[in-house]
Amino acid sequence: MSAPSDTPQAPGITEREARRVAEAAREQDWKKPSFAKELFLGRFRLDLIHPHPVSGVEDVRRGEAFLSRLRAFCETRVDGALIEREARIPDDVVDGLKELGALGMKIEPRYGGLGLTQVYYNRALALAGSASPAIGALLSAHQSIGVPQPLKMFGTQEQKDTFLPRLARTDISAFLLTEPDVGSDPARLATAAVPDGDDYVLDGVKLWTTNGVVADLLVVMARVPASEDHKGGITAFVVEADSPGITVEHRNAFMGLRGIENGVTRFHGVRVPAAHRIGPEGAGLKIALTTLNTGRLSLPAMCVGVGKWSLKIAREWSAVREQWGRPVGRHEAVGAKISFIAATTFALEAVVDLASQMADENRNDIRIEAALAKLYGSEMGWLISDELVQIRGGRGFETADSLAARGERAVPAEQMLRDMRINRIFEGSTEIMHLLIAREAVDAHLKVAGDLIDPDKPLSDKARAGVDAAGFYARWLPKLVSGPGQLPNAYGEFRVPGHPDLSGHLRSVERSARKLARSTFYAMSRWQGRMETKQGFLGRVVDIGAELFAMSAACVRAEHLRADGDHGREAYQLADVFCRQARLRVEELFTRLWSNTDAVDRRVVDGVLSGAYTWLEEGVIDPSGDGPWIADASPGPSTGEDVHRAVR
């Protein structure tokens, strides 16, 4: 159930071929345990996350020391309002970040980096992103998906020695995959890398290249044509941004993140040494997806920062602003929003910290956990920002500059809402993340029963699959009938005198996990090969799993804080409220698995796309400009000005 393209298929690329390319890029094996994978299979493996993993003493010392320096820098050198007004991070701020070592947070000290853990890297992004979301985007794009991480995981020693010292101190990197007509469907990738002696020659156009306008080094995904001497396929390259033939044709502007250096980059006859290829030919997508296993954690980390800031503003404003004789926070309608912000921020931090600690420990496969963190963080972070604007009322809609001009505190709530909106699209839209996670969640089923529902498999393969499936389900299904969630004393360590009882929430998670697995099995039995088309159903399955993961993380974090004597009672209160809110959402999602408007929605969509409802569009004026829906990305020399600028 790979992600479908959000644009029409290019000539020569069938839907089946597109799925095959996406499937080949997946990590096929599960060599380590996965809490989330087990959760979707109806097995609540609390032992995989509890007791909560912790950072080493030296990691904490090094991380806290850097956070202290970064905080001082952000407080004294970063003017977020200026970046918003001028839509650019000043060069002296970028230079200061370089001097601070912020470009090398995740790069090992032997290459000149700081060697921070994933936990402290994420906390640094949350801190920097709160000062200016554009700075958070700059640092994240450079290290989470830019050149350093692919090199760290897949680069040769020579490549690491050559590039990592530069990336740790001076050089900004960018990741170039998306093209004007290629988003989440990489089978349609058009940028070519043609072998020529000891080089490859790159031609093509890349869109939405975050950091691309100021980057010194690029990681570029391009298609190598197959030949007698070349396996071919989508391949990753490290490319010098000032190479002849590279032109940054346009610096894009957006509704939010106005300081982001995002552009359109054209390659025309760009020669790249074969020694700069990362991994073998055809491994580019697998490299990109593996890099994102931890890289996706940076985005929800910055959502945590937004939650913390929103809570602060909501608390201070709601205590000062009076309505009908009481502070607005004391009115139930507003108080419910404040409770949601506080509880959800606690849960988001629990999810990100837990997944990050698991990444640092490297004992678990966290591909699903990281994807769930991205999905849940971006969706809940957006809701938190929206609720803050609502709490602030008219002032939430007013810009910070306007507030300051008339003598009030310059709270950029509307800016934060604009800045947060892209997170539901960045690094995999919510819709794509639903399908990606769903594919991983049903992997065990497809391994044993996939041939049964594949129309192209011969009867002999189906017969073998039938035997394997019968054995698997004979062992698995009976375990979904009952479990610890039905025992009143289960998870008793989360029942602490003087604190809210969290054990009941964990029992609910265990019961819900089994129910979710039963629902998934029933759906596969009912729809079989058509399961991949039931995207509404799959999205709700994933959303239930995300809520269950967040509930588990919140409870485990609360107990961890209590055991450490760090605001334990308050943490239990927040976890309790969050779980109560989440259980209501889970109950609704379970209902909507089978009671929904999916079928009638499809009929309406057919009517809209066929033009049956054009009469409904009458009576308005379309303010859109002229031009094609998708810009021409034909290869060739650039005809525009090069707007690339190096920050030196």
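Report note on the peptides 359-371, 54-66: ranked by the mean count of other C-beta atoms within 10 Å, highest first, their order is 359-371, 54-66.
Take the residue pairs 308/374; 206/374; 457/515; 37/106; 231/447 and return only those whose Cα atoms are more than 22 Å apart.
Details: 308/374 17 Å; 206/374 24 Å; 457/515 31 Å; 37/106 27 Å; 231/447 27 Å.
The answer is 206/374; 457/515; 37/106; 231/447.
For region 162-254, list log₁₀ I(q)/I(0) at each q in 0.15, 0.23, 0.25 Å⁻¹, using the Debye formula over Cα point scatterers of equal strength and ignoring solvent, two decimals each. Taken in order of the listed q values, log10 I(q)/I(0) reads -0.62, -1.25, -1.37. Summing charges over all other residues whose Cβ lies under 15 Å from the Cβ of residue 567, with Lys and Arg as +1 and Asp and Glu as -1, gives -3.
Relative to the present Cα-Cα distance, how much length would full extension add between residue 609 and residue 192 at 0.36 nm per residue of separation?
Answer, rounded to one decimal: 146.8 nm.
Using only Cα coordinates, the Kirkwood hydrodynamic radius of region 309-352 works out to 10.9 Å. Between the alpha-carbon centres of region 193-250 and region 417-467 there is a gap of 30 Å. When the alpha carbon gyration tensor of region 1-152 is reduced to an equivalent ellipsoid, the three semi-axes, largest first, read 35, 26, 15 Å. Each label was represented as a point 7 Å from its Cα along the Cα-to-Cβ direction; for residue 227 and residue 331 these points are 7.2 nm apart.
Starting from the Kirkwood Rh over alpha-carbon pairs, what translational D in µm² s⁻¹ does region 86-203 have by Stokes-Einstein at 4 °C and 1.567 mPa s?
Working: Rh = 15.8 Å.
Result for D is 82 µm²/s.
In deg cm²/dmol, rounded to 500, what helix-only [θ] at 222 nm does the chain give when every DSSP H run of at least 4 residues adds -39500 (n - 2.57) and the total is split over its residues?
Numbers: 23 runs with 342 residues, N = 648.
Here the helix-only value at 222 nm equals -17000 deg cm²/dmol.
How much accessible area per residue does region 104-144 have, counting only protein heavy atoms and a probe of 1.4 Å, in square angstrom? For region 104-144, the solvent-accessible area averages 20 Å² per residue.
Shown here: Cα extents along the principal axes in Å, derived from the displayed model; of the candidates (i) 79, 55, 54; (ii) 102, 77, 50; (iii) 76, 71, 65, it corresponds to (iii).
What is the percent carbon and sulfur in the accessible area of region 115-183, measuring with a 1.4 Å probe over the protein chains and ignoring ligands?
Values: 960 of 1780 Å².
Roughly 54 percent of what the probe reaches on region 115-183 is carbon or sulfur.
How would you order 530-538, 515-523 from highest to lowest mean count of nearby Cβ atoms within 10 Å?
515-523, 530-538
Using a probe of 1.4 angstrom, how much of the accessible area of region 502-648 is carbon and sulfur, in percent?
Values: 4290 of 8320 Å².
Carbon and sulfur: 52 percent of the exposed surface of region 502-648.
How charged is the neighbourhood of residue 589? Take every other residue with its Cβ under 14 Å from the Cβ of residue 589, and add Lys/Arg as +1 and Asp/Glu as -1. Please report the intermediate quantities before stating the final value.
Details: positive: 515, 540, 583, 585, 592; negative: 379, 543, 547, 587, 588, 598.
Within the 14 Å Cβ shell, the charges total -1.
Of all accessible surface on region 313-471 at a 1.4 Å probe, what whole percent is carbon and sulfur?
Numbers: 3750 of 6750 Å².
After summing per-atom areas, the C and S share lands at 56 percent.
Within the shell of other residues whose beta carbon sits under 14 angstrom from the beta carbon of residue 225, the net charge comes to -3, with Lys and Arg scored +1 and Asp and Glu -1.
Here the dipole of the chain is about 2200 debye; that uses its Cα centre as origin and unit charges on the Cβ of Lys and Arg (positive) and Asp and Glu (negative).
If the chain between residue 600 and residue 61 were fully stretched, how many nm would it gain, using 0.36 nm times the residue separation less the Cα-Cα distance?
Working: separation 539, 0.36 × 539 = 194.04 nm, distance 5.74 nm.
The span from residue 600 to residue 61 would gain 188.3 nm if fully extended.
Once the 1.4 Å probe is applied to the protein heavy atoms, region 392-476 comes out at 48 Å² accessible per residue.
The values are calculated or read from the model by the stated rules, or taken from the named source; none is laboratory data. None of the values given here were measured: they were computed from a predicted structure. So basically every Cβ, Gly included, is an ideal-geometry build from the backbone, and we count neighbours across all protein chains shown. All accessible areas refer to the heavy atoms of the entire protein, side chains included, with ligands and DNA or RNA removed. Shrake-Rupley method; radii C 1.70, N 1.55, O 1.52, S 1.80 Å.
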